[in-house]
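The block underneath contains the structure these notes are about, expressed in structure tokens.
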Amino acid sequence: MLENLPKTYNPKDFEDRIYKYWNDNGYFVAHIDENKTPFTIMMPPPNVTGSLHMGHALNNTIQDILIRWKRMEGYSALWLPGTDHASISTEARVVNKIKSEGKTKEELGREGFLKEAWDWTRKYGNTIKNQLKKLGVSCDWTRDRFTLDEGLSRAVEEVFIRLYEKGLIYRGDRIINWCPSCKTAISDAEVEHEDTKGSIWHIKYPIKDSHEFIIIATTRPETMLGDLAVAVNPNDERYKHLIGKTAILPLIDREIPIIADEYVDMEFGTGAVKITPSHDPNDFEVGERHGLGQCIIMNEDATINQNGGIYEGLDRYDARKKIVEDLKEKGYLVEVKDHDHAVGHCERCSTVVEPLISKQWFVKMEPLAKPALEAYEKGQLNFIPPRFGKVYANWLENIKDWCISRQLWWGHRLPVFYCKDCDEIMVTRTKPEKCSKCGSSDLYQDEDTLDTWFSSALWPFSTLGWPEETEDLKYFFPTDVLVTGYDIIFFWVVRMVFSSIEQMGEVPFKDVFLTGLVRDSQGRKMSKSLGNGIDPLEVIDEYGADALRFTLVTGNTPGNDMRFYMERVEANRNFANKLWNASRFVLMNLEEDISKHEFSFEDLEEEDRWILSKLNKTIKEATENLNKYEIGLAAGKVYDFIWDEYCDWYIEMVKSRLYKEEGASKKTAQKVLLYVLKNILKLLHPFMPFITEEIWQHLPDTKEALILSSWPTYREELNFQDSEKAIEFIKSGIKGIRNARAEMNIIPSKKSKQIFVTTDEEIKEILNKGQRYFLNLASADEVEIREDKEGIDEDNISVVLDRCEVYLPLKDLIDYEKEIERLEKEKEKLEGEIKRVVGKLSNEGFVKKAPEKIVQEEREKKTKYEEMLEKVIERLESLKK
RNA sequence: GGGCGGUUAACUCAGCUGGUAGAGUGUCACCGUGACAUGGUGAAAGUCGUAGGUUCGAGUCCUAUACCGCCCACCA
């Protein structure tokens, strides 16, 4: 029993043990059960070589709360975990690792490198999973998946082939974002735009066979090496006469045409734009329209290539510097102005990306985006909070094709084969024997791999065995809710939706719960470079997983960022300690035969009915909150019930019965204590799984594990409105007495021998039932409740309450000055209230238009306050005499 | 250039469909009382960013506006 344990809560003593107990007994494993409704969550797969951060802790806690709750509600709850191969990030780490060993990727070759990568994955792949276990995640580890698993790879190939055959995947020369550091193409979503203070250079381009110049403006002067035209707006009077003429590119003396294109904004810069089709998306389009061709001037590491003449070999920024110097020296530079503009950076390594033309593979997005948008518009996708729906829709409305090929080795290699002889493209799962066109057997596979998000886009169904028609897939798909950060709506949420609609014919989940960012106490983003990250594992080590979990889900709202404060974790640890000790108290006061009995309704006393009714209400409201994903509110209600109602009031009220009485009343108190505690543990379990299970295991008559127990439900027969009212009345009486005593500085150990309460008949009845509460809770030896004042010494302290007055015979202890002061304050307060109520009631509009109920309430308040004021004044007068 | 969020007690945040502002922490006073000092009791503390409007009544709805922050966007 618990009383043998240390009296302070020490989560380290049991958290690991409890996790093992659940896991070893298979309690996390989901079963296909046609008698149950499935409830499915797919865990957003963390990077396989990553480690746990607060973001993971937050969204996995939320998922765990939902899955534990639904499991208790009787659903067949599947929470499927897994990891992502994270192509670009993992590859970078492995490259670093082999670099530290003095080797390069190229030296190892593809196979050698992949071997290294797999070794790395096996070495670090379990780290994050073990860390997640510390958090208490109740996911089904028997269904653990990895995006590079055979099955998932098969799904990736299948989707690639299907989309290709439908014409939704194509290969082409397009301007893509090139990261010179990762040396791969990246998608638009992977580019982060950052406002940067830069310059804009105005440069003179001479006109051939003329002394005229045309002045262009550019923010990237080095790209002039690739200029193939100068463009002006066709309606621009300044330049009309130059259209069709030829300009001479300074420094390298290339002749380029001056063309007219609507794209040029006459208002901006000089109204003349250099056109570099290979290095700018707009210029690319202009180039296409005018048949300008291409001129690539950079290598894959962003140094200038042979097309750059004397600048060949220079890094792009060195080249810029040199070119500007040369232009200046030769008199072509007209002016330099400061210019702020957005510069794209690689999301992964922060290197400035270079837009350049490249042959890559793309997914044609429009046909896929349309149904994904419609699904949202038809209400098949529900965002929490709803505002993110607009973000989702807006992205889809402005969709561009998705560049999916990456010049990396770690990932799913494109199932694409080329014929060396005729360049035929063959998209098949395995390498064909012969070219389907010319019959040549000289074939090779595309070197590229797919964007990581291509495989994670399939996660909701590939993890269940698709393209096989598995039992799991039939039963658990579609999933119910996706829990993830708002920062990956574009990367992941959108792509899962359209992939699922395309392949499965329906949305992959009904609800999308978006979490905010966990920031440090100063509101900064937690980051490695700032060193301000708080390690969830350290928090768990110090305060326990339950306290961390509770901290992450309370006091904030979905989709809003939150600041992380150690003080809050500590407060929640204290809450756990409170529950721990309340449970110890209950166990210490139970008798052996308690387990055989449920309380009987006839034996219930007022406070029993009150706490049962309050519990009932808490169950109802917390469940409603959970149904609406109001996790923080649900947790808050359970917290308040446990601390404020159960610990602070019920336990205190019931003590006299446990200590002094014998028989039925005592027994009932024990039964109710236990009944409510059991329900508390159930209600709190999703939020604080460890401590609740640990306590539960020490309770009598708990055969099954708490994790498998049933979620409490509202019981109409436990709704005791009258008892609630009565106890609330008594509580206010006790509070009034305590308040008066505290203000008079009368310490509780100085008991009032006898308390007199004068009141009317109705209240007398209520108070009579609750007499004994005053004894313990208001420091009295004896309470006398009556309807008259006969024989009561008017010099005692008197507390004026609604419909009753309490006299505390503490004559020798009273400081009359203070008592008058206290009563004056009371008087002022009441007068204020009366003024407000009277104001309201004398407002004709209010009385006429407000609902009858509200008006009635105000009238009652008026009477009540006036009565109280009268008594207070009476007291004051008698004291001042 | 668009879009979104925040602005409530000293601090961090709740506040669902409009009806006398809440919590945690911190502060102050008192308390080792037989579950808990990781505790108990009590107290102080807010013109709910600003200005209008709708309403009998607005932190809550509408319109402006200020400040902070985020996202999206090809203006060279």
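Output the qualifying pairs, or none if there are none: Cβ atoms under 9 angstrom, residues six or more apart or on different chains, first residue in the stretch A:395-408 and of a type in the set (S, T, N, Q) and outside any strand (DSSP E or B), second residue open to solvent by 70 Å² or more (accessible area, probe 1.4 Å) and more than 10 Å from RNA strand B (Cβ to nearest atom).
A:Gln407/A:Lys183; A:Gln407/A:Glu300; A:Gln407/A:Glu447
Output yes when any residue across the stretch A:807-816 is within 16 Å of RNA strand B (Cβ to nearest atom) and open to solvent by 30 Å² or more (accessible area, probe 1.4 Å), and no when none is.
yes
Among the residues of the stretch A:202-236, write down those that are of a type outside the set (A, V, I, L, M, F, W, C) and within 12 Å of RNA strand B (Cβ to nearest atom). Walk me through it before giving the result.
So the first thing to find is which residues in the stretch A:202-236 are of a type outside the set (A, V, I, L, M, F, W, C), and the list is A:202, A:204-206, A:208-212, A:218-223, A:226-227, A:233-236.
Answer for the stretch A:202-236, where residues must be of a type outside the set (A, V, I, L, M, F, W, C) and within 12 Å of RNA strand B (Cβ to nearest atom): A:His202, A:Thr218, A:Thr219, A:Arg220, A:Pro221, A:Glu222, A:Thr223, A:Asp227, A:Asn233, A:Asp236.
Say we look at the stretch A:634-674 and pick out the residues that are aromatic (Phe, Trp, Tyr) and more than 20 Å from A:Ala726 (Cβ to Cβ); which of these is most open to solvent (accessible area, probe 1.4 Å)? Write out each step before concluding.
Filtering the stretch A:634-674 for residues aromatic (Phe, Trp, Tyr) gives A:639, A:641, A:643, A:646, A:649-650, A:659.
Next, only the ones that are more than 20 Å from A:Ala726 (Cβ to Cβ) stay: A:639, A:643, A:659.
Values: A:Tyr639: 62, A:Trp643: 63, A:Tyr659: 136 Å².
The selected residue is A:Tyr659.
So which residues in the stretch A:80-119 are among the hydrophobic types (A, V, I, L, M, F, W, C), part of a helix (DSSP H, G or I) and under 37 Å from the mean Cα position of the chain (by Cα), if there are any at all? I'd like the intermediate steps shown before the answer.
Just the residues of the stretch A:80-119 that are among the hydrophobic types (A, V, I, L, M, F, W, C), to begin with: A:80, A:86, A:88, A:92, A:94-95, A:98, A:108, A:113-114, A:117-118.
Okay, now just the ones that are also part of a helix (DSSP H, G or I), so A:88, A:92, A:94-95, A:98, A:108, A:113-114, A:117-118.
Correct list: A:Ile88, A:Ala92, A:Val94, A:Val95, A:Ile98, A:Phe113, A:Leu114, A:Ala117, A:Trp118.
Among the residues of the stretch A:680-722, count how many are surrounded by fewer than 19 Cβ atoms within 10 Å (Cβ to Cβ) and part of a helix (DSSP H, G or I).
So the answer is 8.
Test A:Ser89 against the stated conditions and say whether it is of a type in the set (Ser, Thr, Tyr) and in contact with a Lys or Arg (Cβ under 8 Å, 6 or more places away or on another chain). Spell out the reasoning first.
Working: of a type in the set (Ser, Thr, Tyr): yes; in contact with a Lys or Arg (Cβ under 8 Å, 6 or more places away or on another chain): yes.
Spelling it out, A:Ser89 is indeed of a type in the set (Ser, Thr, Tyr) and in contact with a Lys or Arg (Cβ under 8 Å, 6 or more places away or on another chain).
Quick one: which residue in A:Ala302, A:Ala260, A:Ala217, A:Ala247 is within 54 Å of the chain's Cα centre (by Cα) and buried (at least 21 other Cβ atoms within 10 Å of the Cβ)?
Values: A:Ala260 fails: buried (at least 21 other Cβ atoms within 10 Å of the Cβ); A:Ala217 fails: buried (at least 21 other Cβ atoms within 10 Å of the Cβ); A:Ala247 fails: within 54 Å of the chain's Cα centre (by Cα).
So the residue among A:Ala302, A:Ala260, A:Ala217, A:Ala247 that is within 54 Å of the chain's Cα centre (by Cα) and buried (at least 21 other Cβ atoms within 10 Å of the Cβ) is A:Ala302.
Can you run down the residue pairs with Cβ atoms below 6 Å, 6 or more apart or on separate chains, where the first is in the stretch A:188-204 and under 30 Å from A:Trp453 (Cβ atoms) and the partner is within 7 Å of RNA strand B (Cβ to nearest atom)?
Qualifying pairs under 6 Å: A:Ala189/A:Phe490; A:His193/A:Ala342; A:Asp195/A:Ala342.
Test A:Arg803 against the stated conditions and say whether it is at positive phi, at pLDDT 75 or above and basic (Lys, Arg). Full working, then the answer.
Numbers: at positive phi: yes; at pLDDT 75 or above: yes; basic (Lys, Arg): yes.
Judged against the criteria, A:Arg803 is a match.
What is the residue count in the stretch A:388-402 for residues that are within 9 Å of RNA strand B (Cβ to nearest atom) and more than 20 Å from the chain's Cα centre (by Cα)? Steps first, please.
Our first condition is that a residue be within 9 Å of RNA strand B (Cβ to nearest atom); within the stretch A:388-402, this holds for A:388, A:390-391, A:394-395, A:398, A:400.
From the residues that got through so far, the ones that are more than 20 Å from the chain's Cα centre (by Cα) too are A:394-395, A:398, A:400.
So the answer is 4.
What number of residues within the stretch A:612-622 satisfy the criterion of being open to solvent by less than 30 Å² (accessible area, probe 1.4 Å) and away from RNA strand B (no atom under 13 Å from the Cβ)? Show your work before the answer.
Step one: list which residues in the stretch A:612-622 are open to solvent by less than 30 Å² (accessible area, probe 1.4 Å), which gives A:612-613, A:615-616, A:618-619, A:622.
Checking the rest, the ones that are also away from RNA strand B (no atom under 13 Å from the Cβ) come to A:612-613, A:615-616, A:618-619.
Of the residues in that region, 6 qualify.
State whether the residues of the stretch A:740-748 include one that is modelled with pLDDT under 85 and buried (at least 21 other Cβ atoms within 10 Å of the Cβ). Show your work before the answer.
Here is the first cut: in the stretch A:740-748, the ones modelled with pLDDT under 85 are A:740-748.
Now narrow it down to the ones that are buried (at least 21 other Cβ atoms within 10 Å of the Cβ): A:740-741.
Checking the stretch A:740-748: at least one residue is modelled with pLDDT under 85 and buried (at least 21 other Cβ atoms within 10 Å of the Cβ).
Could you check, for the stretch A:651-660, whether at least one of its residues is farther than 30 Å from A:Asn560 by Cα, among the small types (Gly, Ala, Ser) and more than 9 Å from RNA strand B (Cβ to nearest atom)?
The initial filter retains those residues of the stretch A:651-660 that are farther than 30 Å from A:Asn560 by Cα, namely A:651-660.
Still in the list and also among the small types (Gly, Ala, Ser): A:656.
If we keep only those that are more than 9 Å from RNA strand B (Cβ to nearest atom) too, we end up with A:656.
Yes, some residue in the stretch A:651-660 is farther than 30 Å from A:Asn560 by Cα, among the small types (Gly, Ala, Ser) and more than 9 Å from RNA strand B (Cβ to nearest atom).
How many residues are more than 11 Å from RNA strand B (Cβ to nearest atom) and among the hydroxyl-bearing types (Ser, Thr, Tyr) if we restrict to the stretch A:842-876?
1
In this structure, does A:Gly411 turn out to be open to solvent by less than 60 Å² (accessible area, probe 1.4 Å), in a loop (DSSP other than H, G, I, E, B), modelled with pLDDT of 95 or more and more than 16 Å from RNA strand B (Cβ to nearest atom)?
Numbers: open to solvent by less than 60 Å² (accessible area, probe 1.4 Å): yes; in a loop (DSSP other than H, G, I, E, B): yes; modelled with pLDDT of 95 or more: yes; more than 16 Å from RNA strand B (Cβ to nearest atom): yes.
Spelling it out, A:Gly411 is indeed open to solvent by less than 60 Å² (accessible area, probe 1.4 Å), in a loop (DSSP other than H, G, I, E, B), modelled with pLDDT of 95 or more and more than 16 Å from RNA strand B (Cβ to nearest atom).
From the set of residues in the stretch A:278-306 that are aliphatic (A, V, I, L, M) and at negative phi, which is nearest to RNA strand B (Cβ to nearest atom)? Spell out how you get there, then give the answer.
Here is the first cut: in the stretch A:278-306, the residues aliphatic (A, V, I, L, M) are A:286, A:292, A:296-298, A:302, A:304.
Remaining after also requiring at negative phi: A:286, A:292, A:296-298, A:304.
Values: A:Val286: 10, A:Leu292: 16, A:Ile296: 17, A:Ile297: 15, A:Met298: 16, A:Ile304: 18 Å.
That would be A:Val286.
Being touching a helix residue (DSSP H, G or I) at 6+ places or on another chain (Cβ under 7 Å) and open to solvent by 30 Å² or more (accessible area, probe 1.4 Å) is the filter here, so list the residues in the stretch A:24-50 that pass it.
A:Tyr27, A:Val29, A:Ile32, A:Pro38, A:Asn47
Answer yes if at least one residue in the stretch A:543-566 is without any contact (Cβ under 8 Å) to a residue 24 or more places away in the chain, more than 17 Å from the chain's Cα centre (by Cα) and surrounded by fewer than 16 Cβ atoms within 10 Å (Cβ to Cβ), and no otherwise. Steps first, answer last, please.
Kept after step one, since they are without any contact (Cβ under 8 Å) to a residue 24 or more places away in the chain, are these residues of the stretch A:543-566: A:551.
Next cut, more than 17 Å from the chain's Cα centre (by Cα) only: none.
The answer is no, given that none of the residues of the stretch A:543-566 is without any contact (Cβ under 8 Å) to a residue 24 or more places away in the chain, more than 17 Å from the chain's Cα centre (by Cα) and surrounded by fewer than 16 Cβ atoms within 10 Å (Cβ to Cβ).
Quick one: what pairs do we get from the stretch A:262-277, first residue near RNA strand B (Cβ under 7 Å from one of its atoms), second open to solvent by 40 Å² or more (accessible area, probe 1.4 Å) and assigned to a loop (DSSP other than H, G, I, E, B), C-beta under 7 Å, 6+ apart or different chains?
Between residues of the stretch A:262-277 that are near RNA strand B (Cβ under 7 Å from one of its atoms) and residues that are open to solvent by 40 Å² or more (accessible area, probe 1.4 Å) and assigned to a loop (DSSP other than H, G, I, E, B), the close pairs are A:Gly271/A:Arg238.
For the list (1) open to solvent by 10 Å² or more (accessible area, probe 1.4 Å); (2) within 15 Å of RNA strand B (Cβ to nearest atom); (3) more than 20 Å from the chain's Cα centre (by Cα), I need the number of the one condition that A:Lys525 fails.
(3)
Let's see how each residue does on (1) hydroxyl-bearing (Ser, Thr, Tyr); (2) more than 16 Å from A:Trp361 (Cα to Cα); (3) more than 16 Å from RNA strand B (Cβ to nearest atom):
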position	(1), (2), (3)
A:Thr104	yes, yes, yes
A:Glu111	no, yes, yes
A:Trp118	no, yes, yes
A:Lys123	no, yes, yes
A:Phe146	no, yes, yes
A:Thr184	yes, no, yes
A:Lys197	no, yes, no
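Is at least one residue of the stretch A:570-589 acidic (Asp, Glu) and open to solvent by less than 10 Å² (accessible area, probe 1.4 Å)? Break it down into steps so the answer makes sense when it comes.
In the first step, residues of the stretch A:570-589 are kept if they are acidic (Asp, Glu); the result is A:570.
From what is left, the residues that are open to solvent by less than 10 Å² (accessible area, probe 1.4 Å) are none.
Within the stretch A:570-589 (the criterion being acidic (Asp, Glu) and open to solvent by less than 10 Å² (accessible area, probe 1.4 Å)), the answer is no, since none of the residues qualifies.
Give me the residue from the stretch A:341-375 that is within 13 Å of RNA strand B (Cβ to nearest atom) and over 17 Å from A:Ala302 (Cα atoms) and, out of that set, least open to solvent (accessible area, probe 1.4 Å).
Going through the qualifying residues, I end up with A:Met365.
Looking at the stretch A:849-863, can you tell me whether even one residue there is in contact (Cβ under 8 Å) with a residue 40 or more places away in the chain, assigned to a helix (DSSP H, G or I), out of contact with any Ser or Thr (no Cβ under 8 Å at 6 or more places or on another chain) and within 29 Å of A:Asn796 (Cβ to Cβ)?
Step one: list which residues in the stretch A:849-863 are in contact (Cβ under 8 Å) with a residue 40 or more places away in the chain, which gives none.
So far as the stretch A:849-863 goes, no, none of its residues is in contact (Cβ under 8 Å) with a residue 40 or more places away in the chain, assigned to a helix (DSSP H, G or I), out of contact with any Ser or Thr (no Cβ under 8 Å at 6 or more places or on another chain) and within 29 Å of A:Asn796 (Cβ to Cβ).
So which residues in the stretch A:206-244 are in contact (Cβ under 8 Å) with a residue 24 or more places away in the chain, out of contact with any helix residue (DSSP H, G or I) (no Cβ under 9 Å at 6 or more places or on another chain), more than 17 Å from A:Asp261 (Cα to Cα) and not in a loop (DSSP other than H, G, I, E, B)?
A:Pro206
Please determine, by comparing only the residues of the stretch A:568-611 that are within 13 Å of RNA strand B (Cβ to nearest atom) and among the charged types (D, E, K, R), which one is farthest from A:Leu699 (Cα to Cα).
A:Arg568
The values are calculated or read from the model by the stated rules, or taken from the named source; none is laboratory data. Worth saying up front: this structure is predicted, and the values here are computed from it rather than measured. Heads up, the Cβs are rebuilt from the backbone with ideal geometry, glycines too, and the neighbour counts pull from every protein chain shown. Areas reflect the complete protein model, heavy atoms only, side chains present, ligands, DNA and RNA absent. Shrake-Rupley method; radii C 1.70, N 1.55, O 1.52, S 1.80 Å.
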